[in-house]
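See structure below.
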Amino acid sequence: MTIDIEKYSKDNNGLLTYSMLQKYYNKPQIRKYVDDFVISRVAKGVYYYKDYTVDMMRVYQVSNSTIVYSHETAAYLHNLTDRFPRKYCITVKQGTSLRNREDFNIFYVNQKTYDMGVVTVRNNLNNDVITYDQERTVCDMIRSKDRVELQVYTDVIQNYFKNKPNMKKLIKYAKHFNIVEEVYEISLLLQKG
């Protein structure tokens, strides 16, 4: 049984995986779709239908299921900065091996830290991606201040605290990361300013 590939791709906003395609098409049919430019291969086992914009954020997460967008990328996803990251910042569990390592700024953490604050948000191409919540993002930016762009760091801190910050959650995360003093100092500084 085959189904219309255009309709099939529409259900997934243009993205198709090899395992999805294999359910309805054999290998020669898939190859013909690629050769005829109906679909394009964008990563190992990941394809996009011709009428859709390729969303590399989504492609990377489909290709590497352990990726959580963090730091500057999470800040962008939460509108805490308007600067699109030069390289995607990701957090993965210690010991994770990745494809396309050169495409990322990678942060390795233990399991407990990895799971803290994980949320799903819609990106600018209207696809769901996995990232950290705003409070975790603020903590990550403070902890990694020397590894992120100064302007993005400043944007994140100012934009987070000018809206209604969830101080309870922020302090909970800050305790985990042992940065409570830094969070209080920043909070007090911004209240005076």
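The values are calculated or read from the model by the stated rules, or taken from the named source; none is laboratory data. Predicted model, so just to flag it, every value in this text is computed and none were measured. Neighbour counts are summed over all protein chains in view; Cβ atoms, including those assigned to glycine, are modelled from backbone coordinates with ideal geometry. Please note that ligands, DNA and RNA were not included when accessible areas were found on the heavy atoms of the full protein model with its side chains. Shrake-Rupley method; radii C 1.70, N 1.55, O 1.52, S 1.80 Å.
Residue check: K112 meets all listed conditions (1) surrounded by 14 or more Cβ atoms within 10 Å (Cβ to Cβ); (2) over 11 Å from the mean Cα position of the chain (by Cα); (3) not in a loop (DSSP other than H, G, I, E, B) but one, namely (1). With respect to the conditions (1) in contact with a strand residue (DSSP E or B) (Cβ under 8 Å, 6 or more places away or on another chain); (2) assigned to a helix (DSSP H, G or I), Y52 falls short on a single one, namely (2).
Consider segment 124-166 and keep the residues that are under 11 Å from L80 (Cβ atoms) and among the β-branched types (V, I, T). The one that is most open to solvent (accessible area, probe 1.4 Å) is T154.
The numbered conditions (1) crowded, with 18+ Cβ neighbours inside 10 Å; (2) more than 15 Å from the chain's Cα centre (by Cα); (3) small (G, A, S) are all true for A74 except (2). Residues of segment 142-163 that are farther than 16 Å from L189 by Cα and free of Cβ contacts under 8 Å to residues at least 60 places away in the same chain: R143, K145, D146, L150. Can you say whether K87 is in contact with an Asp or Glu (Cβ under 7 Å, 6 or more places away or on another chain) and open to solvent by 40 Å² or more (accessible area, probe 1.4 Å), as far as the supplied structure shows? Here the answer is yes, as K87 does meet what is asked.
For segment 21-38, how many residues are in a helix (DSSP H, G or I) and open to solvent by less than 40 Å² (accessible area, probe 1.4 Å)?
Initially, segment 21-38 is screened for residues in a helix (DSSP H, G or I), giving 21-22, 27-35.
With the extra rule that they be open to solvent by less than 40 Å² (accessible area, probe 1.4 Å), the set shrinks to 21, 30, 34.
Of the residues in segment 21-38, 3 are in a helix (DSSP H, G or I) and open to solvent by less than 40 Å² (accessible area, probe 1.4 Å).
Okay, residues lined up against (1) in a helix (DSSP H, G or I); (2) at pLDDT 95 or above:
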position: E102; (1), (2): yes, no
position: N105; (1), (2): no, no
position: E135; (1), (2): yes, yes
position: V138; (1), (2): yes, yes
position: D146; (1), (2): yes, no
position: V156; (1), (2): yes, yes
position: P165; (1), (2): no, no
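For segment 55-85, the candidate set comprises residues that are of a type in the set (A, V, I, L, M, F, W, C) and in a loop (DSSP other than H, G, I, E, B); within that set, the residue that is modelled with the lowest pLDDT is F84.
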